[in-house]
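What follows is one structure encoded as structure tokens, with my remarks underneath.
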Amino acid sequence: MELAVFKSDGKQSSTLKVSDDTFGADFNEPLVHQVVVAYQAGARSGTRAQKNRAAARGGGTKPWRQKGTGRARAGTTRSPLWRGGGRAFPASNRDFGQKINRKMYRAGLRSILSEMARDDRLFVCDDIPVSEPKTQALSRTLKTLNSEDSVIVTHTYERNLWLAARNLHKVNVCEVRDVDPVVLAGHEKVILTSDAVKQIEEWLQ
């Protein structure tokens, strides 16, 4: 299949032949959902923790004798029934990660890219010229391309482009190696440079 290549002024300059396996795959909604959920789950820290009665400091001695006081039996002041005691069922550190095979992950990315290409939400640009880190200049270019809500994928790190886009809350800039399903699915459109398209094809083979 072929993708239209646009200039920064919004006019089509040429076409780029791409792999049908990468940009023409069928949309697999259950797989895309699984990949997105697994990626989001892997980003959770899982560092919430509470103390049980053994981990709570203190309570080493029996607060009063077993019999004769008229009070209920107590072996420690760190019981969950006591103020300052440990929790009965405390939360502990856990890993929320879900196992996703490499083939499944890449197939999910191919499915997302292919669906966006079919919906005319994927654009290929020869280059996005940003001579200086000015947000206003980049905003005008994206408005010309009708892509104010988009992720720009480049083949290498471009400092001026990254600095110009960081104040645009609906625009994200990343390299091919940093592309993930949440970034792709979280924006209305995807803008790829020609070199980025070639790298994506090599990566998702």
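The values are calculated or read from the model by the stated rules, or taken from the named source; none is laboratory data. Keep in mind the model is a prediction, meaning the values are calculated, not measured. Cβ sites come from the backbone with ideal geometry, for glycine too, and all protein chains shown count toward neighbours.
Points to keep in mind about this one:
- V197 being among the hydrophobic types (A, V, I, L, M, F, W, C), outside any helix (DSSP H, G or I) and either within 22 Å of A43 (Cβ to Cβ) or modelled with pLDDT of 90 or more (or both): no
- Qualifying residues in the stretch 165-176 (those that are without any contact (Cβ under 8 Å) to a residue 24 or more places away in the chain and within 21 Å of E201 (Cβ to Cβ)) - the one surrounded by the fewest Cβ atoms within 10 Å (Cβ to Cβ): E175
- Exactly one residue out of V124, V130 is surrounded by 12 or more Cβ atoms within 10 Å (Cβ to Cβ) and either within 18 Å of the chain's Cα centre (by Cα) or part of a loop (DSSP other than H, G, I, E, B) (or both), and it is V130.
- Condition met for L184 (surrounded by 14 or more Cβ atoms within 10 Å (Cβ to Cβ), within 18 Å of the chain's Cα centre (by Cα), touching a residue at least 60 places away in the same chain (Cβ under 8 Å) and assigned by TED's automatic domain parsing to the domain that holds H33): yes
Results for (1) in a loop (DSSP other than H, G, I, E, B); (2) under 50 Å from the mean Cα position of the chain (by Cα); (3) within 30 Å of R106 (Cβ to Cβ); (4) in the same structural domain as G108 (by TED's automatic domain parsing), shown as yes or no for each residue.
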residue	(1), (2), (3), (4)
V35	no, yes, yes, yes
Y39	no, yes, yes, yes
A56	yes, yes, no, no
G60	yes, yes, no, no
Q66	yes, no, no, no
G70	yes, no, no, no
T77	yes, yes, no, no
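- Qualifying residue in the stretch 139-156 (condition: assigned by TED's automatic domain parsing to the domain that holds D21, assigned to a helix (DSSP H, G or I) and within 19 Å of V36 (Cβ to Cβ)): no
- Residues that are at pLDDT 85 or above and under 17 Å from V190 (Cβ atoms) within the stretch 7-21 comprise L16, V18, S19, listed in sequence order.
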